[in-house]
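To start, the structure itself, in structure tokens.
The values are calculated or read from the model by the stated rules, or taken from the named source; none is laboratory data. Note that the structure is predicted; figures quoted are calculated from it, not measured. When we count neighbours, we look across all protein chains shown, and the Cβ atoms used for this are built from the backbone with ideal geometry, even at glycine.
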Amino acid sequence: MINKRLLIKHLLAHNDENSFYDKKRKIDISLKEGKAKFLKHICALSNSNPKNNSYIVIGVEDTDNSILGVDFFDDSKIQNLINAYLTNPPIVQYENIPFPNLPEDKVVGLVTIRPLGKLTALKKNIWKYYGGSVFFRDGSISMPKVFKSDIKDVNSKIVEAIENNAQNNIEHTLDGVMHFMNTRKDFNAQYKVFKEYFVVCWAGQKKVVKEDVFYSRVDIELINEQVRLFFSALDEVSIKITENTFEIIEYVNFGYQKHFKYYPLEKTVISFQDNAHYNIVTKLLFNPPQFNKKTLHHIYNTNNALLEKLRKGLTLTKNDLSDLNQLPSNYLICYLNDFKDALDKLQDAKPFLKAQNNGVYLMYKEAMRILRKVKYN
């Protein structure tokens, strides 16, 4: 089993960007340009390495390889995006890798691309790239090229050596468990061994509602691979553990004004098998609540007026600041209730919310995360 933190260190230490490896400070697939560039790199790496894995490391400074980290990103729907836009799509996995020097809410993203041995191309137009385009790696750059059938396999032995040097061992596992238990001890840190092999550490603030147990600030890591499986600073989570499975149901606090309620968002089941393999299955549970349209029109117009104040740099009143905290959630509710322009408004608000110091930008990211889950289903 590969220790993904070690794998990233080996990639950064021994290789500049090349035909099987790329690194990014960040990616943004919430916009068409970001989607298009991400798909281009996936396509190019898959075509340039038809017989070995390729990798993209996200959260690293390009000039000096310093590890800065990015937000936790839920991988569960990214394959849907790949399948929607690429012909002969490779198998793509996005994993969140914690590093000890990063804040608890930051990770390094690791994208693993497993080609199917067939030519990958864009299926349809996106941004400035045309459907039918084929990309390859030219050194460290993904470029459109005419396909040649004589692609030389020059990377398989190099990639195999890097992956072999990143194999996990019992020392790495024990160090990972001790580090997790010590750093998360204030959040009911626990560990569980599955199939006498897999070690899962998890922590969260416990809350009992009637007879139901929920957790917030939940952090779940598969120590063998140094992969963070789940992280949430806001949501309520229920956890169920059996002999062979670890089940998470994530809830979101959704509503407007004083009318809020917890709704189930998604269920994730991690199943551990006897052959030293595991699989993760996610199922969207969220059924967007429908609210009174007349009330939503009022909320939508209030949000638009507030956004206009932010654009003009006007001083916000006390009521404005209170409304600002609900702006991301309100726009999301409006969009899910058929206010089609609400999504554009929410994205327009991003730079203004990011400039605030009251946590509203975190609410924006949460709204976009919920939207991403719903959209790719």
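Could you say which residue among Glu225, Glu221 is assigned by TED's automatic domain parsing to the domain that holds Phe246 and outside any strand (DSSP E or B)? Before the answer, list the steps.
Details: Glu221 fails: outside any strand (DSSP E or B).
So the residue among Glu225, Glu221 that is assigned by TED's automatic domain parsing to the domain that holds Phe246 and outside any strand (DSSP E or B) is Glu225.
Report whether or not Tyr94 is under 19 Å from Lys35 (Cβ atoms) and in contact (Cβ under 8 Å) with a residue 12 or more places away in the chain. Write out each step before concluding.
Working: under 19 Å from Lys35 (Cβ atoms): yes; in contact (Cβ under 8 Å) with a residue 12 or more places away in the chain: yes.
The answer is yes for Tyr94.
Please count how many residues of the range 186-203 are assigned to a helix (DSSP H, G or I) and more than 25 Å from the chain's Cα centre (by Cα). Show your work before the answer.
Here is the first cut: in the range 186-203, the ones assigned to a helix (DSSP H, G or I) are 186-187.
Remaining after also requiring more than 25 Å from the chain's Cα centre (by Cα): 186.
Counting residues in the range 186-203 that are assigned to a helix (DSSP H, G or I) and more than 25 Å from the chain's Cα centre (by Cα) gives 1.
Can you tell me which of (1) assigned by TED's automatic domain parsing to the domain that holds Ile56; (2) surrounded by 13 or more Cβ atoms within 10 Å (Cβ to Cβ) is the one Gly176 doesn't meet?
(1)
Kindly evaluate Asn101 against the criterion of being surrounded by fewer than 16 Cβ atoms within 10 Å (Cβ to Cβ) and in a helix (DSSP H, G or I). Reasoning before the result, please.
Working: surrounded by fewer than 16 Cβ atoms within 10 Å (Cβ to Cβ): yes; in a helix (DSSP H, G or I): no.
Considered against the rule, which asks whether it is surrounded by fewer than 16 Cβ atoms within 10 Å (Cβ to Cβ) and in a helix (DSSP H, G or I), Asn101 comes out as no.
Conditions tested, residue by residue: (1) more than 23 Å from the chain's Cα centre (by Cα); (2) surrounded by fewer than 20 Cβ atoms within 10 Å (Cβ to Cβ).
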residue	(1), (2)
Gln326	yes, no
Tyr331	no, no
Pro351	no, yes
Ala355	no, yes
Gly359	no, yes
Glu366	no, yes
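If we keep just the residues of the range 52-98 that are among the charged types (D, E, K, R) and in a loop (DSSP other than H, G, I, E, B), which is surrounded by the fewest Cβ atoms within 10 Å (Cβ to Cβ)?
First, the residues of the range 52-98 that are among the charged types (D, E, K, R): 61-62, 64, 71, 74-75, 77, 95.
Now drop any that are not in a loop (DSSP other than H, G, I, E, B), which leaves 61-62, 64, 74.
Details: Glu61: 11, Asp62: 11, Asp64: 6, Asp74: 18.
For the range 52-98, the residue satisfying everything is Asp64.
If you take the residues in the range 187-221 that are of a type in the set (Phe, Trp, Tyr) and touching a Phe, Trp or Tyr at 6+ places or on another chain (Cβ under 7 Å), which one is surrounded by the fewest Cβ atoms within 10 Å (Cβ to Cβ)? Walk me through it before giving the result.
Going through the range 187-221, the residues of a type in the set (Phe, Trp, Tyr) turn out to be 187, 191, 194, 197-198, 202, 214-215.
Now narrow it down to the ones that are touching a Phe, Trp or Tyr at 6+ places or on another chain (Cβ under 7 Å): 194, 198.
Numbers: Phe194: 20, Phe198: 22.
Restricting to residues being of a type in the set (Phe, Trp, Tyr) and touching a Phe, Trp or Tyr at 6+ places or on another chain (Cβ under 7 Å), the top hit is Phe194.
All but one of (1) buried (at least 20 other Cβ atoms within 10 Å of the Cβ); (2) over 28 Å from Ala161 (Cβ atoms); (3) free of Cβ contacts under 8 Å to residues at least 40 places away in the same chain; (4) not hydroxyl-bearing (Ser, Thr, Tyr) hold for Leu122; which doesn't?
Here Leu122 clears every test but (3).
Among (1) closer than 30 Å to Phe198 by Cα; (2) exposed (fewer than 12 other Cβ atoms within 10 Å of the Cβ), there is one condition Lys261 misses while meeting the rest; what is its number?
(1)
Given the condition part of a helix (DSSP H, G or I) and either of a type in the set (Asp, Glu) or over 25 Å from the mean Cα position of the chain (by Cα) (or both), answer yes or no: does some residue in the range 138-153 qualify? Step through it out loud before you land on a result.
At the first step, the residues of the range 138-153 found to be part of a helix (DSSP H, G or I) are none.
Taking every residue of the range 138-153 in turn, none turns out to be part of a helix (DSSP H, G or I) and either of a type in the set (Asp, Glu) or over 25 Å from the mean Cα position of the chain (by Cα) (or both).
In the range 288-303, which residues are over 14 Å from Gly255 (Cβ atoms) and surrounded by fewer than 16 Cβ atoms within 10 Å (Cβ to Cβ)? Walk me through it before giving the result.
Of the residues in the range 288-303, the ones over 14 Å from Gly255 (Cβ atoms) are 293-294, 297-298, 300-303.
Passing the criteria: Lys293, Lys294, His297, His298, Asn301.
Go through the range 287-301 and count every residue that is in a helix (DSSP H, G or I) and within 12 Å of Leu336 (Cα to Cα).
2
Does Tyr94 satisfy being in contact with a Leu (Cβ under 9 Å, 6 or more places away or on another chain), within 30 Å of Ile248 (Cβ to Cβ) and not hydrophobic (A, V, I, L, M, F, W, C)? Reasoning before the result, please.
Details: in contact with a Leu (Cβ under 9 Å, 6 or more places away or on another chain): yes; within 30 Å of Ile248 (Cβ to Cβ): yes; not hydrophobic (A, V, I, L, M, F, W, C): yes.
Yes.
Being outside any helix (DSSP H, G or I) and among the β-branched types (Val, Ile, Thr) narrows it down to one of Ile42, Ile8, Ile29, so name that one.
Details: Ile42 fails: outside any helix (DSSP H, G or I); Ile8 fails: outside any helix (DSSP H, G or I).
Matching residue, one of Ile42, Ile8, Ile29: Ile29.
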